[in-house]
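Student: Here it is, the structure, as structure tokens.
None of the figures in this text is laboratory data; all of them are computed from the coordinates on show. Bear in mind that the values here come from a model prediction, so they are computed numbers and not experimental data. Backbone-built Cβ (ideal geometry, glycine too); neighbour counts: all protein chains shown.
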Amino acid sequence: MRLCGRLLLWVALLVGPSAAVRAQGTTGQGAGAEVSGGPDTAAPQLVDLPSGAQRFDAGRFTIVAYPPEERLARTLLAEALARDTFPGLPALHRHVVIALAPDDATFRALVGAGAPEWGAAIAFPASHRIVMHGRDNGAAGDPRVTLRHELAHLALFEALGPTVPRWFDEGYASFAAGEWGRDDVLVTSLGLVWRGVPTLAGLDSGFYRGSETAQRAYALAHRAVAELASLDRERGLALFFRYWQEDGAFEPALRRAFGMTSADFEAHWRSRIRHQYGVIAVVADLSVLSLFLVFLLGPLWWQRRRRQQVRLERLRAADELLAAREREGALAALLGEDAAGGPDGGRIKGS
């Protein structure tokens, strides 16, 4: 019951004050729930903090953590304040609550059953909340980069609403967080060799297909947004986002800002991926060609090899037969001389 109560209080923290009262009195309240609402520029009034937890406030950010995470909480708070702008987006105002889960069980209870096992943090854009692993998940990488990634999700949602395509949402968060190391996944990706570069829409399903496929999808989404930003070297994504806010959709904004359709951009992006990762393109081409040659020429090669084996077997049999006959002839000649007693058949002259 103590663990259950602590989890419910964490849920209350994440979904806001009105839900906090319900969570404390209802054991069936779902973990990781979120509610939509208007802008909440003021720091939320948290009804109750989990027992032993601390609250750290600065600017539009609140971090809640347990004492072992205090140093990490202060570091993340300073990082969020120092980098509170995002590429191409206007200034943001909504207050953000960040919860540092002290252990994996608490993290899983807060984010819900649908979260991937490899996830280090989860953003709840509608309620401007983030749940992060604390110090217990060092394998997740730099927590400052992780926080920046999740804050970018919230920033994009605040600016553009819930209609952003998943591939763009993840790609922009990775781009804003400076996760350029994701390109390393593409350099050694066998998935690209065997299946080629997917479509942008195809990336969406890749985020749910296991860690390896998801990491490849994140890397490709990151490259797509980075490529889009490079099309306007002066303004980056700023003009594109402005048109997106005006038109309320990705496609018309893309046409107005860059003069291309989504199909044009997808073809451009896929071509750039293949050229930028030339080794992958060469290996992919050679792999396809090799498979084609194996299926096309394999049977012919096998038939020729079989014919050669049959011919060799016949030649070997003929050589063995000839050698046997030669041995028999030589033996017969020797035996014939011994049996006759000499070259004249053993006869005595003059008889």
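Student: Could you check the simple spin-label distance between Arg256 and Gln54, using points 7 Å along Cα→Cβ, in nm with one decimal?
Tutor: 4.8 nm
Student: Going 7 Å from the Cα of Ala91 along its beta-carbon direction, which residues of the range 149-171 have the amide nitrogen within less than 16 Å of the resulting point?
Tutor: 159
Student: Want the number for Asp104 to Gln276: 0.36 nm per residue separation, take away the alpha-carbon distance, what's left?
Tutor: 58.1 nm
Student: Follow-up question, since we're still on this one. Using a Förster radius of 51 Å, what is the FRET efficiency between Thr163 and Arg305 based on their Cβ-Cβ separation? Nearest 0.05, please.
Tutor: 0.25
Student: A further question on this structure: With θ set to phi - 60°, apply the Karplus curve 6.51 cos²θ - 1.76 cosθ + 1.60 along the range 100-108 and write out the HN-Hα couplings as whole Hz, x wherever there is a Gly or Pro.
Tutor: Result, ordered by residue: 9, 6, x, 7, 5, 4, 5, 4, 5 Hz.
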